[in-house]
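In what follows, a structure is listed as structure tokens, so that the remarks can point back to it.
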Amino acid sequence: MITFDPERLRERIAELEQELGAPGFWDDQQRAARVSAEHARLTRRLERYERLSRDYEDARELFAMDGEMADEIAASIEPLRRELNRLQEDALFTGDYDGGDAVVTIHAGTGGTDAQDWAEILLRMYLRWASDRGFQAELVEASPGEEAGLKSATFTVKGENAYGILKAERGVHRLVRLSPFDQAHRRHTSFAQVIVSPLLPEDESVELDEADLRIDTYRASGAGGQHVNKTDSAVRITHVPTGIVVQCQNERSQSSNKQTAMKLLRSKLVELEEQRRREELAREKGEAQDVAWGSQIRSYFLHPYTMVKDHRTNFEMGDAQRVLDGDLDGFVRAELLREAARAA
């Protein structure tokens, strides 16, 4: 069982404060920035824990004085339970990029218009979830489908542990429903893939050979609605050796779009290297590897019954609409705990 450890946190903060006060500390600006950021992040985390502890003690004392207020007190501490769960999540983040921001790309898979509609539903779900968690989400690119939905979409999520949390969502997501695009209203199965990469900080670079890049510009256009593209300076960059393609069309100028696309490309190259390390570790442990579209991580059933089930953890919820409205924390937490157990 992995739990939040305030004493270890205090020890780490003290170690960082010693580093901050060491002679010549600021001579290495990149290292200084990393240490300062970690110190600020851990200090905020400890302050949250201490505030939650005080609020809990206040509620306990109030209950001791007036037991008839048990129901009101129980309701008042429910938000504390949620915050404490999130603090306990922090102990699960041990990767180099887990504490930072994330880039999320959604690709419509097999299923035609239904799959493209499904990709847009997933985008809405994640944007709502990010808002509920207090993250800052920004849409970078959305490519409309031929009839409805999206062929692909990319957005950034900024906030503490954004990448560490969103790693739990990468993989293939399956939707089973009565198709609104089928005149016979038959049941259809659609797939979409979610790819999550760390959004690298400005002071961290990944070496790129210009000869490996194919850069195309095109006029941004859309099918209308909320994803209509407002610029005519979109940029698409292909990294030829890996086949990774990134694009940006939401900035005001071609140079800004190119700068953002290059940042996305570096992030995806880092994630590719992380994926290779995960696969190598899995091979060493003799674990089976996922096979792209054939191995969805989660299924969302809207017909003949409603349920969302994660196939990695067996965590499930019967209210599918609630999940699609952004209630993902239970699924995320179950997967983070599973991954931590595997790594132990």
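The values are calculated or read from the model by the stated rules, or taken from the named source; none is laboratory data. Predicted model, so just to flag it, every value in this text is computed and none were measured. Cβ atoms come from the backbone with ideal geometry, glycine included; neighbour counts cover every protein chain shown. Surface accessibility is based on the protein's heavy atoms, side chains included, excluding ligands, DNA and RNA. Shrake-Rupley method; radii C 1.70, N 1.55, O 1.52, S 1.80 Å.
Quick look at the values:
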{"item": "Residue in the stretch 306-335 that is farthest from Asp132 (Cα to Cα), counting only those that are assigned to a helix (DSSP H, G or I) and open to solvent by 20 Å² or more (accessible area, probe 1.4 Å)", "result": "Ala334"}
{"item": "Single residue of Arg124, Arg54, Arg34 found to be more than 30 Å from Arg278 (Cβ to Cβ) and open to solvent by 70 Å² or more (accessible area, probe 1.4 Å)", "result": "Arg54"}
{"item": "Positions within the stretch 183-198 being open to solvent by 20 Å² or more (accessible area, probe 1.4 Å) and in contact with an Asp or Glu (Cβ under 9 Å, 6 or more places away or on another chain), in sequence order", "result": "His188, Thr189, Ile195"}
{"item": "Total residues in the stretch 169-182, condition farther than 18 Å from Gln275 by Cα and open to solvent by 50 Å² or more (accessible area, probe 1.4 Å)", "result": "4"}
{"item": "Qualifying residue in the stretch 131-153 (condition: surrounded by fewer than 22 Cβ atoms within 10 Å (Cβ to Cβ), hydroxyl-bearing (Ser, Thr, Tyr) and under 30 Å from Arg82 (Cα atoms))", "result": "yes"}
{"item": "Residues of the stretch 108-134 classified as more than 15 Å from Leu175 (Cα to Cα), modelled with pLDDT of 95 or more and among the basic types (Lys, Arg), total", "result": "1"}
{"item": "Enumerated strands (runs of 3 or more DSSP E) restricted to the stretch 64-183, each holding at least 2 residues that are of a type in the set (Ser, Thr, Tyr)", "result": "150-158"}
